[in-house]
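What follows is calculated from the coordinates using simple rules that are stated; it is not laboratory data. Just so it is clear, the structure is predicted and the values come from calculations on it, not from any experiment. All Cβ positions, even for glycine, are placed from backbone atoms using ideal geometry, and neighbour counts span all protein chains on display.
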Amino acid sequence: MNNFLFELKEGLLISLRAIRANKVRAVLTTLGIVIGIASVVLMSTAIKGIDNAFQTGVASLGSDNLYIDKWEWFNNDIPWWEMRNRRNLTLAEYKKYKDLAKLPIATAPTVWSNQTVKYRERSVEFIILQGTNDDYIKTTNLSFSEGRFFNEIESNGGREVVVLGSEVAKKLFPRGGALDQFVKIKGHKFKVVGVLSEQGSWVMGNFNPDNQAFLPIQNVFKYFQSENLRSVTFNVRAENSAMVEAVKEEAVGIMRRVRGLKYDEMNDFSINQQEALLKTINQTVGVIQIAGLFITG
């Protein structure tokens, strides 16, 4: 009995000494576990935030919108050089498409140019100027904090008017009062007829309407960008998401006719939509999530 108690006492003392000796190791092990769990939680939260931002940004494109373009947004089957060698889409082709299309509820041509917008001593650089027509607003869900979009007379006549994105307006007019003021773009004066309300989709970068300015498309070609050097994109809006495929099929037929393609020739244009972009983003986020688990694991 005495031997048993002695051995038990010795065992406890050895255990206590071992715990004291390895206290630092135990603390570091526990700390490592805590950091690992925190990293997984933070990574998951960050990925979820990025995903939500992407989804919000893509949603602004509209599930019932199509974009007829020279370039395919996401298609690894078409080589980049092949798309580069395609003929530019032109404003004349847009007008023919608009006359022939029966299914869309709205269509608008768009072309862009990077410029600096100035008001007195203030300026905002690398602004994307979107040249378009008065129907552009019908192809989007944009709203206004003040003013309006340019009208048909201003659009067709190429009047020197401009609509500012919310961030552009804030930087040029920090105290407000942008409406009816004149801003300068490459030395040319444009009257501010509207300011967009904040869209808040940071993921789109400069392609976020907050960071853009809009003016009649003729003015982009007249002052900032040669029509021969920039392809026009056709924004097309279906009545609802159920009609998108029908609008797309009609667009393919019309564009092949407008561009004079023979029956055995491949399309030399692309029709992009939100669905393809969402699919690519979801795949990318999935890869990031898997990588995050390996990194934090």
TODO: Quickly work out the K102-to-N240 label distance, labels modelled 7 Å from Cα along the C-beta direction, and quote it in nm with one decimal.
DONE: 2.1
Open item on the list: Over 22 Å between Cα atoms: which of K98/K186; K138/K189; K170/K191; K96/K189 fall into that group?
Closed with: K98/K186; K138/K189; K96/K189
Task: Packing-based exposure ordering (other Cβ within 10 Å, fewest first) of D77, D268 - done: D77, D268
TODO: Would you mind ranking T116, T132 by Cβ crowding within 10 Å, fewest neighbours first?
DONE: T116, T132
